[in-house]
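**Student:** The structure is given below, and queries will be raised subsequently.
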Amino acid sequence: MRVEQTFWVSRRPEVVFEYMTDPTHLAAWQTSKTAVEQLTVGPPGLGTLIRERTRGPGGREFEQVVEFTEFDPPHRFRAHIVEGPFLVDAVWELAAAPDGTLVRFHTDGGLTGAARLLQPLAWWLLGRRMARYHQNLRKIVEALPDT
């Protein structure tokens, strides 16, 4: 299954990329995150591991560990879930455009076992959730002070 989205942010790609990949900002724009902890030392980059606690549909929480398996500032990064209930890869590609950044997002993956029967509903819900996250991200980053 796959979800694809494209959105615009009225800030330079460097600003958008830095904000998106900083684990300390994750819960601000991905509002279902109830806890975020970087497991590796140093600034975010290739191989960075992040533990996320997420409030899922119905309010049930689950934990997952995500790794940056691609990290090409300020153009592209991939987040791969290495531990957790969902087998998902998410990619964000950022392209400079006049007065801002065009962001292309896609995620691929699937559910396992009996949960596969719920896959169409799960992907529809994921698409809605990611659209809200991206709307939050745009508002927050556009409101950041100029540096």
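The values are calculated or read from the model by the stated rules, or taken from the named source; none is laboratory data. Predicted model only: the values in this text are computed from it and were never measured. As a convention, Cβ positions derive from the backbone with ideal geometry for all residues, glycine included, and neighbour counts pool all protein chains shown.
**Student:** Counting just the residues of the stretch 76-104 that are out of contact with any Lys or Arg (no Cβ under 8 Å at 6 or more places or on another chain), surrounded by 17 or more Cβ atoms within 10 Å (Cβ to Cβ) and under 22 Å from Arg55 (Cβ atoms), which one comes out modelled with the lowest pLDDT?
**Tutor:** Phe86
**Student:** With the structure loaded, tell me whether Thr21 is among the hydroxyl-bearing types (Ser, Thr, Tyr) and within 23 Å of Asp99 (Cα to Cα) or whether it fails that test.
**Tutor:** Judged against the criteria, Thr21 is a match.
**Student:** Where residues in the stretch 3-29 are of a type in the set (Gly, Ala, Ser) and in a helix (DSSP H, G or I), which of them is surrounded by the most Cβ atoms within 10 Å (Cβ to Cβ)?
**Tutor:** Among those that are of a type in the set (Gly, Ala, Ser) and in a helix (DSSP H, G or I), it is Ala27.
**Student:** Which condition does Phe62 not pass, out of (1) in contact (Cβ under 8 Å) with a residue 60 or more places away in the chain; (2) touching a Pro at 6+ places or on another chain (Cβ under 9 Å), if it passes all the others?
**Tutor:** Going through (1) in contact (Cβ under 8 Å) with a residue 60 or more places away in the chain; (2) touching a Pro at 6+ places or on another chain (Cβ under 9 Å) one by one, Phe62 breaks only (1).
**Student:** Which pairs do you get when a residue that is surrounded by fewer than 17 Cβ atoms within 10 Å (Cβ to Cβ), found in the stretch 128-147, comes within reach of a residue that is at pLDDT 95 or above and of a type in the set (Lys, Arg), reach meaning Cβ atoms under 8 angstrom, with the pair 6+ apart or on two chains?
**Tutor:** Pairs that qualify, where the first residue is surrounded by fewer than 17 Cβ atoms within 10 Å (Cβ to Cβ) and the partner is at pLDDT 95 or above and of a type in the set (Lys, Arg), are Glu142/Arg11; Leu144/Arg11.
**Student:** Name the single residue that is surrounded by the most Cβ atoms within 10 Å (Cβ to Cβ) among those in the stretch 30-62 being among the small types (Gly, Ala, Ser) and under 27 Å from Gly127 (Cβ atoms).
**Tutor:** Ser32
**Student:** On to the next question. Within the stretch 41-58, take every residue that is β-branched (Val, Ile, Thr) and assigned to a strand (DSSP E or B) and give me the one that is nearest to Thr101 (Cα to Cα).
**Tutor:** Looking at residues that are β-branched (Val, Ile, Thr) and assigned to a strand (DSSP E or B), I get Ile50.
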